[in-house]
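What follows is a short report on a single structure.
The values are calculated or read from the model by the stated rules, or taken from the named source; none is laboratory data. What you are looking at is a predicted structure, and each value in this text was computed from that prediction instead of being measured. Positions of Cβ are backbone-derived with ideal geometry, glycine not excepted, and every protein chain shown enters the neighbour counts.
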């Protein structure tokens, strides 16, 4: 009889760029200056977009909206390590992810205004709709990755989950399969420390969320999620492993939700300003700016130009969003099946009758065209 | 049976009535505990548990990890173990996670244990749409639960009933799914007695008496039916009887059949898709037991047989007073 150690694990944490702009040269990912500048530009633009979206909501021009501010690095950077033909499945707090994948943000506004036309991915992208009941996508992403492996495409599937969602059973099943079948899947835990009012510390007694990987034979790593370079390096390595057939990776990115959960939430009810202020100092955007300035890639003149460009870009997106005609109520019957069922054909006619009852016979000719497929 | 209501009353909205019932239940019985996401420090996303965490402590008002299967399974275990858990699922659209527990275990443990064990828990969830909420926050999943044997399903539409039914659910020896219409949380106000009283589970509420047509409804649709009935009275001179079922399972069939037998015409109005809905069950029961009293086919007014659209079109998905009126006119003209 003996008591022997049969397995040991070390949970590593990757940090490359510090909040003060200093960095570890040996760990720097080998990327072009253009890509470094793109990282910065995307983060600046998505923050400005976030601020405008909140203003739109506050003035009654948008529905409930989930804030991104503080999480720009975890949102905008991982997609840059992928091809459009790799799958990406964001969470509902995924505006920055879709933006980095090239989606026009007028559609994000449209979605959060409660309009089904707001789901609109660029052609050629393998983007997936996000899931609002959290965690249900985790096993689906495993299936997407399985499909890539089955088809021998060398494609990968990358997805996100929050620290709250890491408590859901779905993650257990997703990682069990992904590890067992060595699937090209990448799971990024966007640990922003708060699941609405419940802190990370109350989600799990586990010391890190990254270490959950080891239970499933999955590679795991913790990353400073407010460090764009570390997020990029970790994702790129996971992508390379996945493409090489070495299996899945779980990356815990430690970041922080600087805003409320959504515009319907009031974070001052449950967390201290002091904590928020501490995280504000670890901002991903300001440290990237310091880094680029230090490398002589950035200066105030360029910053000013970016600010102006960003403002006019957002103005354009908001204008385009507001110019969408009201949705046609009949649109909801489109696309429910490849071919509409007899029941839906009958019910759509009933809705037409209702619309005529409300607005007169003329109403049907005045409605905007239905975009979706029917019957 | 309704216990005598204490004389003192207060005007309050439906969410405050729920809160008051939970407060009384926690105060009266140390075995009662609340569990769910954001129900503690934050007081629930609709503030249904506001102040209770502070008053009763974090061992009895428990912020759980974000895991609905965990919440539901824990509530089953706690209840079997002699406690009275009142679990909250934050939104109706998050309830499918708990189906395994509900369908395979919740209503079955009593009979499977030959009556030795029971699961007297309460599962609370907001219900229905029309608050301009994001996707999966406006669903009406009651039929799935009503279809499951061994559990009771309750949907109050007034503050009085919300408090009285919640306190009755606390006394229930069997599991109760307690839906709270989120549109009515703050818009429904009424007189509510202070102190403890119960509204019997399994008894419908007569909202208004009438002779020409019966409207069967529940949840926020009760208010829509009242608007429709007012329009029918004014424009058609029709006298409409409205019955708010309050409890969907077990059904108050006696009240339903008596009303339909009296009027001979029936409209069933609800928010869920019609196919396989609880309205379908009601329609079948009426056809089976009161066919010869009917003067017109039963009309069902529900959501279309498609998913709930995002909120800009929800007003065209969930029936409004116009749709109820049109259905009623069809029945009246038959």
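Some points to look at:
- Of the residues examined, residue A:241 is not one that is assigned to a loop (DSSP other than H, G, I, E, B) and assigned by TED's automatic domain parsing to the domain that holds residue A:179.
- In segment A:284-365, counting only helices (runs of 4 or more DSSP H) that sit wholly within it, the ones holding 2 or more residues that are surrounded by 15 or more Cβ atoms within 10 Å (Cβ to Cβ) and either in contact with a strand residue (DSSP E or B) (Cβ under 9 Å, 6 or more places away or on another chain) or within 14 Å of chain B (Cβ to nearest Cβ) (or both) span A:284-294, A:342-359.
- Only a single criterion out of (1) surrounded by 17 or more Cβ atoms within 10 Å (Cβ to Cβ); (2) within 14 Å of chain A (Cβ to nearest Cβ) is not satisfied by residue B:275, namely (1).
- Positions within segment B:297-314 being more than 8 Å from chain A (Cβ to nearest Cβ) and surrounded by fewer than 17 Cβ atoms within 10 Å (Cβ to Cβ), in sequence order: B:297
- Yes/no for residue B:100 being within 11 Å of chain A (Cβ to nearest Cβ) and touching a residue at least 60 places away in the same chain (Cβ under 8 Å): no
- Matching residues, segment A:278-306, being without any contact (Cβ under 8 Å) to a residue 12 or more places away in the chain and closer than 24 Å to residue A:53 by Cβ: A:304, A:305
- For the condition over 19 Å from the mean Cα position of the chain (by Cα) and within 14 Å of another protein chain (Cβ to nearest Cβ), residue B:90 does not qualify.
- Strands (runs of 3 or more DSSP E) contained in segment B:134-243 and holding at least 3 residues surrounded by 19 or more Cβ atoms within 10 Å (Cβ to Cβ): B:152-154, B:176-181, B:213-217
- Test: residue in segment B:43-61 that is in contact (Cβ under 8 Å) with a residue 24 or more places away in the chain, surrounded by fewer than 21 Cβ atoms within 10 Å (Cβ to Cβ), closer than 24 Å to residue B:147 by Cα and within 23 Å of the chain's Cα centre (by Cα): no
- Tally of residues being under 17 Å from the mean Cα position of the chain (by Cα) and farther than 17 Å from residue B:221 by Cβ across segment B:253-290: 1
- Annotation: of all residues in segment A:258-274 being assigned to a helix (DSSP H, G or I) and touching a residue at least 40 places away in the same chain (Cβ under 8 Å), the one that is surrounded by the fewest Cβ atoms within 10 Å (Cβ to Cβ) is A:269.
- Residue within segment B:296-311 that is part of a helix (DSSP H, G or I) and closer than 30 Å to residue B:133 by Cβ present: yes
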